[in-house]
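The values are calculated or read from the model by the stated rules, or taken from the named source; none is laboratory data. If you're wondering where the values come from, they're calculated on a predicted model, not measured in any experiment. Cβ atoms come from the backbone with ideal geometry, glycine included; neighbour counts cover every protein chain shown.
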Amino acid sequence: MPILEVHDLSHVYSKGTPFEQKALDHVNLNVERGEFLAIIGHTGSGKSTLIQHLNGLLRPTDGQVLLHGKNIFASDCDIRRVRFRIGLVFQYPEYQLFEETVGKDIAYGPTNMGLDAAEIERRVAQAMEDVGLDVSLRDKSPFELSGGQKRRVALAGVVAMQPEILVLDEPTAGLDPAGRREMFELIRRLHDLHGTTIVLVTHSMEDAARMADRLVVMQNGRVFLTGKPEEVFARADELEQAGLTVPQVTKILLELKKRGIPVDTGCYTIEQAVAQLLAYKQAGGKNGC
Ligand SMILES: Nc1ncnc2c1ncn2[C@@H]1O[C@H](COP(=O)(O)OP(=O)(O)OP(=O)(O)O)[C@@H](O)[C@H]1O
């Protein structure tokens, strides 16, 4: 059974008012345990609205979200507990830091869970280690830290709840290339170390393809395409017609394949593409890359 199921989910903002706005239109989606899923799509396609339903921050206008097969809004389902199990990291989460020390901020979630002091202590230490924050920062004010460190504190606050599913909305927004790389490495480590199921929203096709096992492409509040990155990018023409940018490396590899060069189109970095072409050249253009 999938860990999370989205059944025929629709959402209309300000329903019944002159400002009515349909944001999701009969979305169906399964998330498997341990999966790394990326949701992509251009601005306004419904990504943020969708993920806010995953832990019950938004109530569906129609349809359901099931966690382990159970409707999260069922009368016997405690929505607070759902939010401990599905951790949501908003865009620019550092703006939500408010405690006087890093340690207290990270402890906020575990404290709300009603854990005892020793367990809270253990989780704060573990979460700081998981996100690469030095213990010496624990008693500092979060407001004295750099932007990247603040974001790690915010992430640690969710990680400390040890959610089964971590949902991240554009976690690299506003970071420079080095910061983006570090943030992605960190998310990858959380996934690999603890087997946390990840749902990542991003604008970047490249990042999604490099990080995720499966992509969900949203358009106009609907799931437009879903599949492994190579399956999705094999439909480059449809993606481009929908106004979505296919990674340049993929475009080149698809074009080479069309011309009979047996490249693997499932790679997304220049280094990997060059390595393939060099291998092809060294084999005298006879073998597959
Ligand atoms: N609070 C709101 N009230 C009314 N309409 C909203 C609200 N939030 C989003 N919308 C509308 O719902 C639609 C989907 O928005 P949503 O933010 O989910 O898209 P998105 O893909 O996450 O966009 P972005 O990439 O810009 O964050 C858009 O038309 C948007 O204008």
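General observations
- Some residue of segment 225-244 being modelled with pLDDT of 85 or more, within 16 Å of the ligand (Cβ to nearest atom) and under 20 Å from residue 49 (Cα atoms): yes
- Scanning segment 120-150 for residues that are assigned to a loop (DSSP other than H, G, I, E, B) and touching a residue at least 24 places away in the same chain (Cβ under 8 Å), we see that the one that is surrounded by the most Cβ atoms within 10 Å (Cβ to Cβ) is 131.
- Under the condition of being more than 16 Å from the chain's Cα centre (by Cα), within 13 Å of the ligand (Cβ to nearest atom) and either in a strand (DSSP E or B) or in contact (Cβ under 8 Å) with a residue 12 or more places away in the chain (or both), the residues counted in segment 1-42 number 12.
- Sole residue being among the aliphatic types (A, V, I, L, M), farther than 24 Å from residue 239 by Cβ and modelled with pLDDT of 95 or more, chosen from 51, 86, 39: 86
- Scanning segment 174-228 for residues that are in contact with a helix residue (DSSP H, G or I) (Cβ under 7 Å, 6 or more places away or on another chain) and assigned to a loop (DSSP other than H, G, I, E, B) turns up 175, 196, 202, 212.
- Scanning segment 258-272 for residues that are surrounded by 11 or more Cβ atoms within 10 Å (Cβ to Cβ) and either part of a loop (DSSP other than H, G, I, E, B) or modelled with pLDDT of 85 or more (or both) yields 261, 262, 263, 264, 265, 266, 267, 268, 269.
- Number of positions in segment 72-109 that are within 22 Å of the chain's Cα centre (by Cα), surrounded by 15 or more Cβ atoms within 10 Å (Cβ to Cβ) and away from the ligand (no atom under 16 Å from the Cβ): 11
- Of the residues screened, residue 153 is not one that is surrounded by fewer than 21 Cβ atoms within 10 Å (Cβ to Cβ) and either closer than 28 Å to residue 108 by Cβ or assigned by TED's automatic domain parsing to the domain that holds residue 269 (or both).
- Single residue of segment 59-71 satisfying the filter (of a type in the set (A, V, I, L, M) and touching a helix residue (DSSP H, G or I) at 6+ places or on another chain (Cβ under 8 Å)) that is farthest from the ligand (Cβ to nearest atom): 67
- Some residue of segment 172-179 being farther than 21 Å from residue 209 by Cβ, within 16 Å of the ligand (Cβ to nearest atom) and at pLDDT 90 or above: yes
- Test for residue 63: is it at positive phi, in contact (Cβ under 8 Å) with a residue 12 or more places away in the chain and not in a strand (DSSP E or B): no
- Count of segment 49-89 residues which are touching an Asp or Glu at 6+ places or on another chain (Cβ under 8 Å) and not hydrophobic (A, V, I, L, M, F, W, C): 5
- The set of residues from segment 192-218 being out of contact with any Asp or Glu (no Cβ under 9 Å at 6 or more places or on another chain) and surrounded by 20 or more Cβ atoms within 10 Å (Cβ to Cβ) comprises 205, 207, 208, 211, 216, 217, 218.
- Number of residues in segment 82-128 that are over 24 Å from residue 170 (Cα atoms) and charged (D, E, K, R) equals 7.
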